[in-house]
1. Please enumerate, by chain and number, the lysines with C-alpha under 21 Å from the C-alpha of LYS9, excluding those fewer than 8 residues away in the same chain.
2. For the pair GLU166 and LEU69, how long in nm is the line joining their label points, each one 7 Å along Cα→Cβ?
3. Could you size up the charge dipole of the chain around its Cα centre, putting +1 on the beta carbon of Lys and Arg and -1 on that of Asp and Glu, and report it in debye to the nearest 20?
4. Hey, what angle do you get for helix 120-131 against the long axis of the chain, alpha-carbon based, 0 to 90 degrees rounded to 10?
5. For the range 48-187, give the share of DSSP beta bridges that are antiparallel, in percent and rounded to the nearest 5; count only bridges with both residues there.
6. To test your reading of the geometry: what angle, between 0 and 90 degrees and rounded to tens, separates the Cα axis of helix 42-55 from the longest principal axis of the chain?
7. Which of these, ILE158, ILE142, ILE173, has the largest mean-square fluctuation under a Gaussian network model of the chain (Cα springs below 10 Å)?
8. Under a crude label model (7 Å from the Cα following the beta-carbon direction), how far is LYS92 from GLN8 in nanometres?
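The values are calculated or read from the model by the stated rules, or taken from the named source; none is laboratory data. Keep in mind the model is a prediction, meaning the values are calculated, not measured. Here the Cβ positions follow ideal geometry from the backbone for every residue, glycine too, while neighbour counts run over all protein chains shown. The accessibility values were calculated without ligands, DNA or RNA, using every heavy atom of the protein model including side chains. Shrake-Rupley method; radii C 1.70, N 1.55, O 1.52, S 1.80 Å.
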Amino acid sequence: MEGEALLQKFRDLGALLDGHFLLRSGLHSRQFFQCAQMLKHPKLCSEICASLAERCQEIEADAVISPALGGILVGHEVARHLDKPHIFAEKKEGVLGVRRFQISEFKRYLVAEDVVTTGSAVKEVCKIVRDGGAEVAGVASIVDRSGDNPPDFGAPFIRLLKMQVETFEADAIPEDLKDVPAVKPGS
């Protein structure tokens with residue numbers, strides 16, 4: 001499942017929200033992909049991640065790594081479909097790091113995430129992998145909402161759904177959103 005079929009599934013499940021949202025990146029947006037509302041359905045999660053894994057078949061990775069929290073289900077399912085181990089990075093005292101695993105256990109990683117806007121979490125994970133002496137072989141995401149400005153991860157970037165979604169800096173919020181409180185619903 002990808003493209004328009006995936007977008008329709010987001011809409012059908014109420015996982016594509018409209019309003020005023022504050023994103024992890026600090027940017028504001030009129031739309032928010034709440035992947036957790038879709039991924040809470042195990043069969044659907046498996047189907048979507050199978051599609052993503054299929055697109056990643058050519059990536060030569062030994063393992064999959066994902067940022068917590070939103071990327072854990074995606075990373076685990078993609079790894080399952082690729083028959084690879086999965087590890088994750090998590091925050092401790094505000095700093096993302098690998099706490100329960102050793103990066104050096106594998107040489108090449110596929111980084112998996114649910115939604116990418118600026119790619120800040122994925123970039124942090126890529127840095128963790130590289131600082132640990134391993135290679136980022138590729139990056140995979142269900143949704144890429146970066147539009148015409150895709151982040152440069154220094155590795156191939158594979159996604160199921162690519163969208164142009166308006167984002168705004170805090171000092172450039174449109175008039176129609178200024179009086180609407182920004183919410184941060186979580187992925």
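1. Reachable lysines: LYS40, LYS43, LYS162.
2. Taking the simple label geometry, GLU166 and LEU69 are separated by 2.9 nm.
3. The dipole of the chain has a size of about 580 debye.
4. 20
5. Looking only at bridges with both residues in the range 48-187, the antiparallel portion is about 15 percent.
6. For 42-55 against the chain, the angle is about 70 degrees.
7. Taking springs between Cα atoms under 10 Å, the residue moving most is ILE173.
8. In this crude label model, LYS92 to GLN8 measures out at 4.6 nm.
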